[in-house]
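Here's the structure we're looking at; comments come further down.
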Amino acid sequence: EQVDIVALIEETVTTFQRAYTREIIFTNHAVDAVILSGNRDQLEQVIYILIDNALKYSEERVEVDFDVWDKLAIIKVRDYGAGIPESEQARIFDRFYRVDKARSRDTGGTGLGLSIAKAIVKEHQGELTVQSTVGEGSTFTVKFPI
Ligand code: ATP
């Protein structure tokens, strides 16, 4: 399947903007259309999971950025929330893993989202990473070969 990843991000962001009063800002630093070959529903699920988490684990605006660099499509989802301690950053991609179970319990969730996202990204020969600082926020980065 040929998927215009820019249009897909735009549509997913719009869906969230309609459902939430939170500020969700999409910035495209690249060209208008970038075509990836992959599964549209699965790619949408990755973007959905990352934005959903950013909204769940922060209270301020969420920023979604798109860029193309070195034959890679690069998607960043940034929040200004609690952040994730370095010691936990590798484990958040494990199935059922949740940071600080007492605190995350109020936000609901199973701890499956990021493991699903990671698996989908891998299936598309991509890479999913996190940069996060406690007290400042988190940025999840997805890179797909074009
Ligand atoms: P579900 O997948 O059902 O929504 P979940 O959000 O707990 O549940 P994951 O998406 O796999 O599951 O995330 C795992 C854990 O990583 C979360 O419980 C949370 O502790 C942490 N986490 C994920 N995204 C963020 C974020 N943007 N900021 C801070 N912590 C995060």
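Here the Debye sum runs over all C-alpha atoms of region 2-42 as equal scatterers in vacuum, and log10 of I(q)/I(0) at q = 0.15, 0.18, 0.19, 0.22 Å⁻¹ comes out as -0.41, -0.56, -0.61, -0.76. Using only the alpha-carbon atoms, how far is helix 5-19 inclined from the longest principal axis of the chain? Give it as 0 to 90 degrees, nearest 10. That helix lies at roughly 40 degrees to the long axis.
Pulled fully out, how much extra length does the chain show between I116 and Y48, if you take 0.36 nm times their separation in residues and subtract their Cα-Cα distance?
The span from I116 to Y48 would gain 23.4 nm if fully extended.
Per-residue ellipticity at 222 nm computed for the chain from its helices equals -10500 deg cm²/dmol, with DSSP H segments shorter than 4 residues left out and the rest contributing -39,500 (n - 2.57). Charge tally for R18 (other residues, Cβ to Cβ under 15 Å; Lys, Arg +1; Asp, Glu -1): -3. Shown for the chain: lysine pairs separated by 8 or more places, or found on different chains, whose C-alpha atoms are under 17 Å apart, numbering 9.
Other residues lying with their Cβ under 12 Å from the Cβ of L128 contribute a combined charge of +2, Lys and Arg counting +1, Asp and Glu -1. Applying D = kT/(6 pi eta Rh) to the chain, where Rh is the Kirkwood radius over alpha-carbon pairs, T corresponds to 4 °C and eta to 1.567 mPa s, the Stokes-Einstein value obtained is 84 µm²/s. Per residue, the average separation of C-alpha pairs within less than 8 Å and at least 6 apart gives region 1-96 a relative contact order of 28 percent.
With a Förster radius of 22 Å, plug the Cβ-Cβ distance of D4 and Q125 into 1/(1 + (r/R0)^6) and report the FRET value to the nearest 0.05.
Details: r = 18 Å, r/R0 = 0.82.
Result of the calculation: an efficiency of 0.75.
The stretch between R22 and E88, if pulled fully straight at 0.36 nm per residue, gains 21.1 nm over its current Cα-Cα span.
Bear in mind that the values in this text are calculations on the coordinates, not laboratory data. In this text the structure is predicted, and so the values were computed from the model without any measurement. When we count neighbours, we look across all protein chains shown, and the Cβ atoms used for this are built from the backbone with ideal geometry, even at glycine.
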